[in-house]
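I have placed the structure first, in the form of structure tokens, so that the comments after it can refer back to it.
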Ligand SMILES: Nc1ncnc2c1ncn2[C@@H]1O[C@H](COP(=O)(O)OP(=O)(O)OP(=O)(O)O)[C@@H](O)[C@H]1O
Ligand SMILES: [Mg+2]
């Protein structure tokens, strides 16, 4: 699968369906996403898992959404900056997907083609939870956009880090306040009220219930070390499906 196979000028539905099948079946790497509320520890755990896998000789790419590409990082700035006001929920959703479409073709598919382990901080489940649940746009539009714009690519594993709404958002707020540069302001979502995050949380749990094969809920209320140990235990058996040469290096 290459990015060019996913050119947006595939006109007929049948051709598009064929493209989707190729996209999903021919990837050689492993696509792992981290999901959960703001401040639950996704970035912390992604970094730790990345180091752990690299130390074991595996080829890892770490990336994030929104962002992950030069164009996507500009969109991220617009979306997350607390100074962005009055953004329509549909504009928010489609900007998320604009960044994702770019990310998919520029980073995600090429990395998977090269057989890498791709660790991604947030993916389409975030859109379903935040814009679908939090903003009340519903899941259907998010899933449809994902099908149309992202070839319906599904992660091999999604680690949903479950935590308390208040604890997580409080941590994210404190972390962002500690960042000195105003240009790095990423606090727009943290200004939402508790009922917004309660809907986001509920939406995440619905996704996990709907797709238990892909989404694994990890209790992220413990220390970073405890959560890391749980994640390594979860990921290790998945490495078995990598090609034999890399498997020998990766699984201990
Ligand atoms: N298990 C933990 N216990 C206590 N603090 C933690 C834990 N994990 C991470 N933190 C701290 O909480 C803050 C938020 O963590 P982190 O940035 O990893 O969360 P995140 O899920 O990536 O947040 P966001 O969605 O806002 O990017 C950081 O300051 C981090 O050091
Ligand atoms: Mg983060």
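The values are calculated or read from the model by the stated rules, or taken from the named source; none is laboratory data. Everything quoted here is computed from the prediction, not taken from an experiment. Using ideal geometry, Cβ is built from the backbone for each residue, glycine included, and neighbour counts are taken over all protein chains shown.
Brief remarks follow.
- Taking segment 107-126 as the range and being touching a helix residue (DSSP H, G or I) at 6+ places or on another chain (Cβ under 8 Å), within 16 Å of residue 96 (Cα to Cα) and more than 16 Å from ligand 2 (Cβ to nearest atom) as the test, only 124 passes.
- Residue check for residue 185: loosely packed, with under 15 Cβ neighbours inside 10 Å, within 23 Å of residue 41 (Cβ to Cβ) and touching a residue at least 40 places away in the same chain (Cβ under 8 Å): no
- Check on residue 36, over 16 Å from residue 228 (Cβ atoms), crowded, with 17+ Cβ neighbours inside 10 Å, within 18 Å of the chain's Cα centre (by Cα) and modelled with pLDDT of 95 or more: no
- Taken over segment 139-168, the residue count meeting the criterion of being more than 22 Å from residue 213 (Cα to Cα) and assigned to a loop (DSSP other than H, G, I, E, B) is 1.
- Of the numbered criteria (1) without any contact (Cβ under 8 Å) to a residue 24 or more places away in the chain; (2) assigned to a helix (DSSP H, G or I); (3) more than 15 Å from the chain's Cα centre (by Cα), the one residue 85 fails is (2).
- Once segment 104-131 is narrowed to residues that are part of a strand (DSSP E or B) and away from ligand 1 (no atom under 16 Å from the Cβ), the residue that is nearest to the chain's Cα centre (by Cα) is 118.
- Checked against the criteria, residue 51 does not count as part of a helix (DSSP H, G or I), within 21 Å of residue 153 (Cα to Cα) and either within 16 Å of ligand 1 (Cβ to nearest atom) or modelled with pLDDT of 95 or more (or both).
- Exclusive hit being under 16 Å from the mean Cα position of the chain (by Cα) and either exposed (fewer than 12 other Cβ atoms within 10 Å of the Cβ) or more than 16 Å from ligand 2 (Cβ to nearest atom) (or both), set 214, 194, 174, 199: 214
- Scanning segment 186-213 for residues that are under 19 Å from residue 130 (Cα atoms) and not in a helix (DSSP H, G or I) yields a total of 6.
- Segment 54-72, subset outside any loop (DSSP other than H, G, I, E, B) and touching a helix residue (DSSP H, G or I) at 6+ places or on another chain (Cβ under 7 Å), residue surrounded by the most Cβ atoms within 10 Å (Cβ to Cβ): 72
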